[in-house]
Amino acid sequence: MSLADKLFVDTCREIIDNGFSDKDVNVRPHWEDGTPAHTIKKFCIVNRYDLQKEFPIITLRRTAFKSAIDELLWIWQKKSNNINDLNSHIWDSWADETGSIGKAYGYQLGVKHKYKEGEFDQVDRVLFDLKNNPTSRRIMTNIYTFADLNEMNLYPCAYSMTFNVVGDTLNGILNQRSNDVLTANNWNVVQYAVLLHMFAQVSNLKVGELVHVIADAHIYDRHIPIVEKILKNPQFEAPKFWINKEVKDFYKFTVDDFKLEGYEYTKLEDKIEVAI
């Protein structure tokens, strides 16, 4: 059993067994057929993943490793807010006729700010500090920009990363205001585990711990039967993560610079509907 599987099972059981149902509350999300998308939720789920011990991808069902990294690079490397720069269709519901999702996600990371050391966007500021001031307690990003929320087609869910170096080891805290656990929980964990590996490698640091803090962790009503089925699936050992050690420039990474060796999982036959 991988630790990622155990944490996923524990998170889902805590939500289903002890969570709050909003079935009697007016909610914003809805299904494609217009029906309100209700959830069972828990406040403040915190999971810790030691990236030195294993790569945290679940085996209970497949997490689309390459697609998750493609979206990560779209946001953090390309700093794009246009789905035409993305190879999947996960953002189609929130894009306008030009492909834009508004001033969200990658757009925010690419906005430049002035500092005494020079002008940086948020990603380049992290890269600068990890190399030049790794003991800083101010190495973080935040894309929840209130002044631009009215121009975002979707408010950021995973909105903040805090980076902290202990000795020669890079750790990170991912803050997420909302998490659709079946659809996106492990997807986000995989993405930010890869991001920590990327930042650590180009900064000559070891990768350490990823802490995932979710304010509103929920399972949608139509997802509960699927989740219950998944939780009964067999669990396999975590696969081995491979990163191309030749890449020393954050902006030179491609999807092909990351691989999983020995990734076993149970195939999911059910279609997962996404609430919008």
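The values are calculated or read from the model by the stated rules, or taken from the named source; none is laboratory data. Every value quoted in this text rests on a predicted model; they were computed, and no experiment measured them. A quick note on method: Cβ atoms are made from the backbone with ideal geometry, for glycine too, and the neighbour counts reach across all protein chains shown. Each accessible area value is taken on the protein alone, full model and side chains, heavy atoms only, with ligands, DNA and RNA left out. Shrake-Rupley method; radii C 1.70, N 1.55, O 1.52, S 1.80 Å.
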Close pairs (8 angstrom Cβ cut-off, 6 or more residues apart or separate chains): acidic (D, E) and in a helix (DSSP H, G or I) in region 1-19, open to solvent by less than 10 Å² (accessible area, probe 1.4 Å) and at pLDDT 95 or above anywhere
D5/I58; D5/T59; D5/L60
Tell me which residues, restricted to region 224-253, are open to solvent by 30 Å² or more (accessible area, probe 1.4 Å) and part of a helix (DSSP H, G or I).
I224, P225, E228, K229, Y251, K252
Mind checking whether some residue in region 202-214 is in a helix (DSSP H, G or I), surrounded by 16 or more Cβ atoms within 10 Å (Cβ to Cβ) and in contact with a Leu (Cβ under 9 Å, 6 or more places away or on another chain)?
yes
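Quick check, is I243 among the β-branched types (V, I, T) and modelled with pLDDT of 95 or more? Explain how you work it out, then say what you get.
Values: among the β-branched types (V, I, T): yes; modelled with pLDDT of 95 or more: yes.
Considered against the rule, which asks whether it is among the β-branched types (V, I, T) and modelled with pLDDT of 95 or more, I243 comes out as yes.
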Positions within region 16-52 being buried (at least 18 other Cβ atoms within 10 Å of the Cβ) and within 30 Å of K240 (Cβ to Cβ), in sequence order
I45, N47, Y49, L51
Take the residues of region 132-173 that are surrounded by 14 or more Cβ atoms within 10 Å (Cβ to Cβ) and among the β-branched types (V, I, T): which is farthest from K103 (Cα to Cα)?
T169
Qualifying positions in region 1-22 - over 22 Å from the mean Cα position of the chain (by Cα) and among the hydroxyl-bearing types (S, T, Y):
S21
Single unsatisfied condition, K66 versus (1) open to solvent by 70 Å² or more (accessible area, probe 1.4 Å); (2) of a type in the set (K, R); (3) in contact with a Leu (Cβ under 8 Å, 6 or more places away or on another chain):
(3)
